[in-house]
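Asks: Okay, handing you the structure first.
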Amino acid sequence: MSTFSSSGPGRVGGCPDGTFCALLAGLCSVRHGLALILQLCNFSIYTQQMNLSIAITAMVNSTVAPSQPNVPAYDWSPEIQGIILSSLNYGSFVAPIPTGYMAGIFGAKSVVGTGLLASSVLTLFIPLAADAGVALLIVLRVIQGIAQVMVSTGQYSIWVKWAPPLERSQLTSMAGSGSMLGTFIVLLTGGLICQNIGWPYVFYIFGGIGCACCLLWFPLVYNDPGNHPFISAGEKRYIACSLAQQDCSPGWTLPLKAMILSLPLWAIVVSYFCEYWLFYTIMSYTPTYISSVLQTNLRDSGILSALPFVVGCVCIILSGLLADFLLSRRVLRLVTIRKLFTAIGNGPAGGRRGWGGSFHGTTMVFLALSSAFSSLCEAGVLVNFLDIAPRYAGFLKGLMQIFAHIAGAISPTVAGVLINQVRPNVLMNVHKRNSQRLCHSH
């Protein structure tokens, strides 16, 4: 089939520049609209994941702003604060695999939509739960964490029937970029919201945005292009033709023995673990590094901490477009593209985290480069399971999430031990350099 309709690659509507017009028409398609809705969902989920981490400094008695006498404050010890923050992940080790499996059987629309609605509503109730007591707040956070796993795991099942192989990278990366965008926005605005109108509004605002996303999700998202009321016949035909050779039908049984013996699957698992080890390390300690080593105030620390994530958001989208371009033009094979993007994403990204010193400009450049390189993995290993076994995409994504959460549980602890060993020397060097700068300035 040499040409396609206006929703697929090829000459479009007699346009002399068929490639450009096909790209423009493709970006206006229902499948790209679905990617944008998923981007908003991921944006909401990540703001809801991080909002308590931002607000908790304003929630405890020792740091409450004196200009806000009507805002509640709590006498929580550092140990209690740690339990509250980590409680979001308590269900993360058991929920991904059942969630992914059910999304593959019953469809992502109901699983993701239910998870997004539940997480958003529970976010609105966090201030009330905090007033009621720590125990209720922890229970709410555990349930909220399970709901958020439903969104992050279940969404990949929808691309099994919606993403043509030549557009798989760009669609998944566009949707996944919402996580970086959400992290950027909550780091940038969370502190300002707490400072100016009070910490409860962090939960009201981002919980309300999540509820608004549900109003888009349920009426506009369908598990199968064949059932969508607004899709054009041309786009429906293009997707069906591109997926004709792919087994998309879900099944209740799983080839567990074949999965256990699959070396490509284990390679993806190991790469997933390594990528999320780096991700959770930078997520956990970038704000602390910027505030303590670079000696910045709270406002500047939030802005500087957010910058690498907006770079990552842009680069995730560009990496997906680049991967699909290389595949559609047959510059590289699919397996070569996935390996190349994964190697570049994990290699230089990890190396650049070890440099920067205590100089603001150099450090921020390396942090931005690290985020840019690691975003390439979104078009590499993070989508590779859709290539090797699309029929079991939901279950495999759940399996990957388990290893991602294991990395998230271990890496901050290991980094904390290493930081504790070198922290006195680092701070002494920072103090010495700052003293030298003051002397030179005078």
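Asks: What do you reckon, how do Thr253, Thr286 stack up by accessible area (1.4 Å probe), largest on top? Mind dumping the intermediate values first?
Replies: Working: Thr253 105, Thr286 10 Å².
Per-residue accessible area, sorted high to low, gives Thr253, Thr286.
Asks: A further question on this structure: What FRET efficiency comes out for the pair Asn227/Gln195, r = Cβ-Cβ distance, R0 = 60 Å, nearest 0.05?
Replies: 0.80
Asks: I would also like to ask the following. Students often check this: by mean Cβ neighbours within 10 Å, which of 377-383, 84-90 ranks highest, and how do the rest follow? Could you put the intermediate results ahead of the total?
Replies: Working: 377-383: 27.6, 84-90: 17.6.
Highest to lowest by the protection proxy: 377-383, 84-90.
Asks: Does the stretch 148-198 come out rounded, prolate or oblate by the C-alpha gyration tensor, with a ≥ b ≥ c the root eigenvalues, rounded set by a/c under 1.5 and, if not, prolate when a/b is larger than b/c and oblate if not? Please list the in-between numbers first.
Replies: Details: a/c = 5.72, a/b = 2.59, b/c = 2.21.
Here the stretch 148-198 falls in the prolate category.
Asks: Could you work out how much longer the chain between Phe218 and Thr57 gets when fully extended? Use 0.36 nm per residue separation minus the Cα distance between them, nm to one decimal.
Replies: Details: separation 161, 0.36 × 161 = 57.96 nm, distance 3.55 nm.
Separation in residues times 0.36 nm, less the Cα-Cα distance, equals 54.4 nm.
Asks: Separate question: How large is the accessible surface per residue of the stretch 88-236, computed with a 1.4 Å probe and reported in Å² as a whole number?
Replies: Details: 5210 Å² over 149 residues.
On a per-residue basis, 35 Å².
Asks: For the stretch 191-282, with equal point scatterers placed on the C-alpha atoms only and solvent neglected, what are the log10 I(q)/I(0) values from the Debye formula at q = 0.14, 0.18, 0.24, 0.25 1/Å, to two decimals?
Replies: Treating every Cα as an identical point scatterer, log10 I(q)/I(0) equals -1.01, -1.00, -1.09, -1.13.
Asks: Taking the Cα of Phe93, stepping 7 Å toward and past its beta carbon, and measuring to each backbone N in the stretch 117-140: which are under 19 Å?
Replies: Hits in the stretch 117-140 for Phe93 at 19 Å: 138-140.
Asks: Peptides 307-317, 257-267: what's the order by average Cβ count within 10 Å, highest mean first?
Replies: Values: 307-317: 22.5, 257-267: 12.1.
Output ranking for 307-317, 257-267: 307-317, 257-267.
Asks: Treating the stretch 76-158 as a set of equal point scatterers at the Cα positions, no solvent, please give the Debye-formula log₁₀ I(q)/I(0) at q = 0.12, 0.20, 0.22, 0.25 Å⁻¹.
Replies: Here the Debye-derived log intensity ratios amount to -0.37, -0.82, -0.93, -1.08.
Asks: Kindly write out, for the stretch 200-215 in residue order, the coupling ³J(HN,Hα) from the Karplus curve 6.51 cos²θ - 1.76 cosθ + 1.60 (θ = phi - 60°), rounded to whole Hz, with x marking Gly and Pro.
Replies: So the Karplus estimates, Gly and Pro as x, are x, 6, 4, 7, 5, 5, 6, x, x, 4, x, 5, 5, 4, 5, 5 Hz.
Asks: Another one. So how do 101-107, 224-230, 144-150 stack up, highest first, on mean other-Cβ count within 10 Å? Write out the running numbers ahead of the final one.
Replies: Numbers: 101-107: 21.6, 224-230: 12.9, 144-150: 24.7.
Listed from highest to lowest mean packing, they are 144-150, 101-107, 224-230.
Asks: Right, here's the next one. Quick one: 3J(HN,Hα) in Hz for the stretch 46-53, Karplus 6.51/-1.76/1.60 with θ = phi - 60°, rounded, Gly and Pro as x.
Replies: Result, rounded to whole Hz: 6, 5, 6, 5, 9, 5, 5, 4.
Asks: Let me ask something else. Can you give me the distance in nm between label points at Val134 and Leu36, each placed 7 Å from the Cα along the Cα-to-Cβ direction?
Replies: Distance between the two pseudo-spin positions: 4.6 nm.
Asks: Could you give each residue of the stretch 216-230 its phi-based ³J(HN,Hα) in whole Hz, using Karplus coefficients 6.51, -1.76, 1.60 with θ = phi - 60°, and x for Gly or Pro?
Replies: 8, 5, 5, x, 10, 9, 10, 5, 10, x, x, 9, 6, x, 10
Asks: Starting from the amide H of Tyr74, placed 1.01 Å from N in the peptide plane, find each other amide H under 5 Å away whose residue is 5 or more places distant or on another chain.
Replies: Correct list: Val60, Asn61.
Asks: Also, I was wondering about something else. Leaving ligands, DNA and RNA out of it, report the carbon-plus-sulfur percent of the accessible area of the stretch 165-204 at a 1.4 Å probe. Display every interim value, and only then the final one.
Replies: Values: 810 of 1200 Å².
Of all accessible area on the stretch 165-204, carbon and sulfur atoms account for 67 percent.
Asks: A further question follows. Would you mind checking the pairs Lys161/Lys257; Lys257/Lys339; Lys109/Lys397 and listing those with alpha carbons more than 18 angstrom apart? Show your work: numbers first, answer last.
Replies: Details: Lys161/Lys257 26 Å; Lys257/Lys339 25 Å; Lys109/Lys397 16 Å.
Too far apart for the 18 Å limit: Lys161/Lys257; Lys257/Lys339.
The values are calculated or read from the model by the stated rules, or taken from the named source; none is laboratory data. All of these numbers come straight from a predicted model, not from anything done at the bench. Every residue, glycine among them, receives a Cβ derived from its backbone with ideal geometry; neighbour counts consider all protein chains shown. Protein only, heavy atoms only, side chains kept; ligands, DNA and RNA dropped before computing areas. Shrake-Rupley method; radii C 1.70, N 1.55, O 1.52, S 1.80 Å.
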